[in-house]
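Peer 1: One structure, pasted below without further comment.
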Amino acid sequence: MARDYYELLELPRNATEADVKKAFRQLARKVHPDVSDEPDAEERFKELVEAYEVLSDSEKRQVYDRYGHEGLRGGGFQPGGSGFDFGNITDLFSAFFGDDLLGGRQGGRRQRGGDIAAEVAIDLAEAATGLATEVPYEAAMACETCAGSGARPGTAPVTCGTCRGAGRVQHVTRSPLGEFVRTGACPTCGGAGKRIDDPCADCHGDGRIVQERILKVDIPQGIHDGQRIRISGEGHVAPGGGGAGDVYVRVHVREDERFAREGNDIFSTVELTFTQATLGTSVTVPTLEGDMEIAFEPGTQPSTLRILEGKGMPVLQGRGRGDHRILVHVAIPRRLNDEQRRQLEELDRTLDDEAYRPDGGFFTRLKSAFR
């Protein structure tokens, strides 16, 4: 008895056309006879192809949904009749997914070199202004002795006799379904298409040598700790003269004991003595732009928050800046002599409720606290 096509592709009945294609691709990679060692791989693969052939065709799918397998046979459906040439299964995969599935041909594309991860550490103040810095790293570059060919100067690589310069070879397996063609890298030349009989003494035939390099990196203002900057074309050079990969520079922003960063805002604290907070004072506080003189009015309360608008971190790749928020700590005397205690007790007797009356009502103070 024929199995349900939706069950074969592990799909619900409301699956879209894209779902059908995706499911077939995933399952075909596992069941293909050249990949799977299961004894019934060919039969299972044939069932998958048949299920895809029906469910990917809107008319056949409608007939199947309404009348099942009998309805398809009554309409003259034959597996393999969708126009694909089942004599060469590679054509079927190419039509669905392109040539690279299961090791298909590369289409003449040049290989790209590997990417490189590098790191740089900067101060918070440098992150606020942005800077140009130099980042050392190691990269595989084309050998100058052999100009990247890998062959000793005066000689040249020769075309591989196994793949005849293609870099890839095909293995054909015959089955009741037709020919199964599997393409892979040439085992003789490793996919290079050429063979080096007399390798370069410096790079030992690789065509590349590892070199110390210095990369100039422009770090934008406002960058956050852990973010990466991509520098295109400065990574490892590919073997055989291919393109270079990229360099990804991870930026570490060192902690600053004076500030704490939250998003684009900067937080710091200032400590006033009991008398400074009571009588008012001016103190020097550090900011990202240098020291700044700030006046605190008489009666400044503990946990007061002073906001310096636009004095925080710049918005990365945007406009504006965050704020610098300064939290006030008030230091209360811990040890008093007898005379100091007497003076404070005398002061306390002279203060009435008016001296302690807060500015603004309850809701005004509540809003201020949340800000």
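Peer 1: Quickly run through the range 309-346 and pick out the residues that are without any contact (Cβ under 8 Å) to a residue 40 or more places away in the chain and of a type in the set (D, E, K, R).
Peer 2: Listed by number, the residues that qualify are E309, R319, R334, R335, D338, E339, R341, R342, E345, E346.
Peer 1: Looking only at strands (runs of 3 or more DSSP E) that lie completely in the range 123-213, which have at least 3 residues being polar (S, T, N, Q), within 32 Å of the chain's Cα centre (by Cα) and at positive phi?
Peer 2: Here the list is empty.
Peer 1: Any residue in the range 272-279 that is in the same structural domain as L344 (by TED's automatic domain parsing) and either assigned to a strand (DSSP E or B) or on the phi > 0 side of the Ramachandran plot (or both)?
Peer 2: yes
Peer 1: A follow-up question, please. Kindly provide the set of residues from the range 272-310 that are hydroxyl-bearing (S, T, Y), closer than 18 Å to A355 by Cβ and surrounded by 14 or more Cβ atoms within 10 Å (Cβ to Cβ), ordered by number.
Peer 2: Within the range 272-310, T278, T300, T304 qualify.
Peer 1: Examine the range 180-198 for a residue that is surrounded by 17 or more Cβ atoms within 10 Å (Cβ to Cβ), aliphatic (A, V, I, L, M), touching a residue at least 12 places away in the same chain (Cβ under 8 Å) and in contact with a Lys or Arg (Cβ under 6 Å, 6 or more places away or on another chain), and state whether such a residue exists.
Peer 2: Within the range 180-198, not a single residue is surrounded by 17 or more Cβ atoms within 10 Å (Cβ to Cβ), aliphatic (A, V, I, L, M), touching a residue at least 12 places away in the same chain (Cβ under 8 Å) and in contact with a Lys or Arg (Cβ under 6 Å, 6 or more places away or on another chain).
Peer 1: Does V249 meet the test of being in contact (Cβ under 8 Å) with a residue 24 or more places away in the chain, part of a strand (DSSP E or B), out of contact with any Asp or Glu (no Cβ under 6 Å at 6 or more places or on another chain) and more than 30 Å from A127 (Cα to Cα)?
Peer 2: No, not satisfied.
Peer 1: Could you tell me whether any residue of the range 221-231 is in a loop (DSSP other than H, G, I, E, B), on the phi < 0 side of the Ramachandran plot, touching a Gly at 6+ places or on another chain (Cβ under 6 Å) and at pLDDT below 90?
Peer 2: No - not one qualifying residue is present in the range 221-231.
Peer 1: Output the residues belonging to the range 309-321 that are in contact with a strand residue (DSSP E or B) (Cβ under 6 Å, 6 or more places away or on another chain) and in a loop (DSSP other than H, G, I, E, B).
Peer 2: G310, K311, G312
Peer 1: Here is a list of conditions, (1) touching a strand residue (DSSP E or B) at 6+ places or on another chain (Cβ under 6 Å); (2) acidic (D, E); (3) farther than 17 Å from R258 by Cβ, and E339 meets all of them except one; can you say which number that is?
Peer 2: (1)
Peer 1: From the residues in the range 287-308 that are outside any loop (DSSP other than H, G, I, E, B) and either in contact (Cβ under 8 Å) with a residue 40 or more places away in the chain or touching an Asp or Glu at 6+ places or on another chain (Cβ under 7 Å) (or both), which one is farthest from I266 (Cα to Cα)?
Peer 2: My answer is L305.
Peer 1: Confirm whether A18 is within 35 Å of the chain's Cα centre (by Cα), under 21 Å from H171 (Cα atoms) and at pLDDT 80 or above.
Peer 2: For A18, the condition - within 35 Å of the chain's Cα centre (by Cα), under 21 Å from H171 (Cα atoms) and at pLDDT 80 or above - is not met.
Peer 1: Also, quick follow-up: Suppose we filter Q62, Q26, Q78 for residues that are at pLDDT below 80 and over 18 Å from V181 (Cα atoms); which single one remains?
Peer 2: Q78
The values are calculated or read from the model by the stated rules, or taken from the named source; none is laboratory data. Remember, predicted model here, so these are calculated numbers, not experimental data. Note: ideal-geometry Cβ built from the backbone for every residue, glycine included; neighbour counts use all protein chains shown.
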